[in-house]
Amino acid sequence: MDLPTHPFGSELDQHTVAEMLAQHTNWEDKYRQLIIWGKRLPTFTDAQKQAASQVSGCESDVWFLHHKDAETHYFAADSNARIVKGLLAVVLACVNGQNHTQIAQLDLNAVFSQSGLAHHLSESRTNGLHAIVQHIHSEIK
C-alpha cells in the first residue's frame with residue numbers, strides 16, 4: 001500500500017518545526033500551530049486504517065503506516081484526535097525519511113522539551129508519545 005503524502009520529514013523537518021514552535025511564546029499559539037500541522041496530515045481511508053498498525057498505549061486511536069526503501073524509513077500517521085494529529089506531525093517531521101541510526105539516536109523527549117511542548121502535555125499524552133516512539137522503534141527493526 002502506498003503511503004499518503006504529507007510535508008513532514010521533507011518540506012518540514014525537525015529543525016524547522018522546532019524553530020517554528022520556539023517562536024510561539026504561549027501555549028495557545030503552540031496549540032494552534034499543532035492543530036494547523038495536524039490538518040496537513042492526510043486522513044487515512046478505511047482501507048489504510050485496516051492495513052496500518054494501531055498503536056497501543058494511546059488513549060486516542062493512532063494508526064501508523066511504514067515503508068522502507070533501501071535504508072530509508074517513511075511513515076504516515078493518523079489519529080482521531082486533533083491535538084494528537086499535531087503531535088504526530090512533529091514526530092513525523094523528526095523520523096520520516098531518516099535511516100535506522102538517525103531514528104535510533106533521536107531524542108524525541110528533547111525535541112518536545114526544546115520546543116516548549118513537554119510541560120504542557122498531560123501525563124496520558126506523554127505516555128501516548130512514549131508508546132508512539134516505541135512503536136516506531138519496533139517498526140524499524
Quiz item: Once the dipole of the chain is set up with Lys and Arg at +1 and Asp and Glu at -1 on Cβ about the Cα centre, which of Thr72, Asn127, Gln102 lies farthest towards its positive end?
Solution: Asn127
Quiz item: Which whole-number value in Å² is the accessible area per residue of the chain, probe 1.4 Å?
Solution: 53 Å²
Quiz item: Which entry in (i) 14.0, 38; (ii) 16.7, 59; (iii) 13.9, 41 is this structure's computed Rg and Dmax of the Cα atoms in Å?
Solution: (iii)
Quiz prompt | Net charge over other residues, Cβ less than 15 angstrom from the Cβ of Asn80 (K, R count +1; D, E count -1) | solution = +1
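What's the ranking of 25-32, 90-97, 60-67 by average number of surrounding C-beta atoms within 10 Å, highest first? Before the final figure, lay out each step's value.
Working: 25-32: 12.6, 90-97: 23.8, 60-67: 18.2.
Highest-to-lowest ranking by the protection proxy: 90-97, 60-67, 25-32.
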Quiz prompt | 13 Å Cα-Cα reach of Lys141 towards aspartates and glutamates, excluding residues that sit fewer than 8 places from it in its own chain | solution = Glu71
Quiz item: Can you list the lysines whose alpha carbon sits under 18 Å from that of Lys49, skipping same-chain ones fewer than 8 residues off?
Solution: Lys39, Lys85
Quiz item: Can you run phi through the Karplus equation (6.51, -1.76, 1.60; θ = phi - 60°) for region 39-51 and list ³J(HN,Hα) in whole Hz, with x for Gly and Pro?
Solution: 5, 7, 7, x, 7, 5, 6, 4, 5, 5, 5, 5, 7
Quiz item: Over the chain, what percent of the accessible surface lies on carbon and sulfur atoms, probe 1.4 Å?
Solution: 44 percent
Quiz item: If you line up the long axis of helix 123-140 against the longest principal axis of the chain, both from Cα atoms, how many degrees apart are they, to the nearest 10?
Solution: 30 degrees
Quiz item: Of the peptides 116-126, 4-14, how do they stack up when ordered by the mean number of other Cβ atoms within 10 Å, highest first?
Solution: 4-14, 116-126
Practice problem: Report the calculated FRET efficiency for Asp29 and Leu3 (r = Cβ-Cβ distance, R0 = 41 Å), to the nearest 0.05. | Solution: 0.85
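The values are calculated or read from the model by the stated rules, or taken from the named source; none is laboratory data. Keep in mind that what you see is a predicted model, and the values were worked out from it rather than measured. As a convention, Cβ positions derive from the backbone with ideal geometry for all residues, glycine included, and neighbour counts pool all protein chains shown. Calculation scope for accessible area: heavy atoms of the full protein, side chains included, ligands and nucleic acids excluded. Shrake-Rupley method; radii C 1.70, N 1.55, O 1.52, S 1.80 Å.
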